[in-house]
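Notes to accompany the following structure.
The values are calculated or read from the model by the stated rules, or taken from the named source; none is laboratory data. All figures in this text were calculated on a predicted structure; none of them were measured in a lab. Note that each Cβ is placed from the backbone with ideal geometry, even for glycine, and that neighbours are counted across all protein chains shown. Side chains included, ligands, DNA and RNA excluded: accessible areas come from the protein's heavy atoms. Shrake-Rupley method; radii C 1.70, N 1.55, O 1.52, S 1.80 Å.
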Amino acid sequence: MLAESRGLSVEAEQLYRALLDGRPTTPGAELAELERFGLVRAGAGGVEVCPPRAALSAFAALHEAAAVRAREAAEVLGAAYSLRTGRDADFVEVLRSRDEVIATFEAMQTQATVDIVALDPGTYMSPKTEVSTAQPGSMARGIGYRVVYDSSVLQDGDGFAQVQSSIALGEQARVFPGLPLKLVIADSARALIAVPNSDAGDVLALLIHPSMLLSALIELFGSFWRMAVPVRAGGPDDAEAAQEPTLATRRLLALLSGGLTDEAIARELGISERTVLRRISRLQQLLGAQTRFQLGAQASRQGWL
């Protein structure tokens, strides 16, 4: 299940294409991986290649379930705070001022020894959506940064510029619509969350120490990271993306997800194989997909299929 949650490997995809083309192959771990995804099966004449649409749908359903679990984790967090008595639980500290939140956020980065991961909806300011003053120094020490931004952040000029600044420092950035809360996790040891407090017109922030709640928040980030689309340096071509999906793109993706070879797709569309490859490469760049399997998953997530 862990391997499936990460998507089909490049090696397994190459084996699938080789089997489609009838090229000689050597059985190995990649074949077992294809079997787990339901992309091949044993037949009377040997290995049979299966259409990938059903497997792709199952993969998408897995991530949809992960999103549900992620939102449930956010509900658990809200319930934990609501049920809190007169004193804080041992694993939860309530941060009562914006300055305290910012100081904690900076300290988590300067004290980190492995990595910082975060969800950033960019809709409220504790801490702000910007390159932290501590981030350059932390990254210079070798601390890895992985951040999932809400799609609304990239639609704002300042937000887009700030994300690009972080990527220039070496941050791995992805984008996903509808993030439920602002979350920062340092070394899987501490988590800082911030959610709007509508009653006070301010932001409620909690510092979470090792606990079942922290484990749930780590899973929450992992779910969104797997579902999110990578952001490239320089950003997507918004004008080009706004025109998609065209009818030609939908047809190409449908043929691709149906397991057709490039030659068959070219014949079906009345174009050359080189044009097919160029169009697929363009869509991969547009959606931030490194493999054709990822392209299908992300196109499905975007509603392009």
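Assorted remarks:
- Per-residue SASA entry for I116, accessible area with 1.4 Å probe, Å² rounded to 10: 0 Å²
- Unit charges at the beta carbon, dipole of segment 10-50: most positive-side option, G43, L15, T26: G43
- Percent accessible area from carbon and sulfur atoms, segment 10-50, protein chains only, probe 1.4 Å: 51 percent
- Between S97 and D187, the simple label model (points 7 Å from Cα in the Cβ direction) yields a spacing of 2.7 nm.
- Sites R53 and M212, calculated FRET efficiency, Cβ-Cβ separation with R0 51 Å, nearest 0.05: 0.85
- When each of the peptides 249-257, 263-271 is scored by how many other beta carbons lie within 10 Å of its residues on average, the order from highest to lowest is 249-257, 263-271.
- Probing with 1.4 Å while keeping every protein chain in the model, the per residue accessible area of segment 10-50 equals 60 Å².
- On a per residue basis, segment 237-302 carries 53 Å² of accessible surface, using protein heavy atoms and a 1.4 Å probe.
- Share of carbon and sulfur in the accessible heavy-atom surface of segment 237-302 [1.4 Å probe, %]: 46 percent
- Heavy-atom accessible surface of segment 130-199: percent carbon and sulfur, 1.4 Å: 49 percent
- Rounded is the label for segment 92-230. Its Cα gyration tensor axes, ordered a ≥ b ≥ c, give a/c under 1.5.
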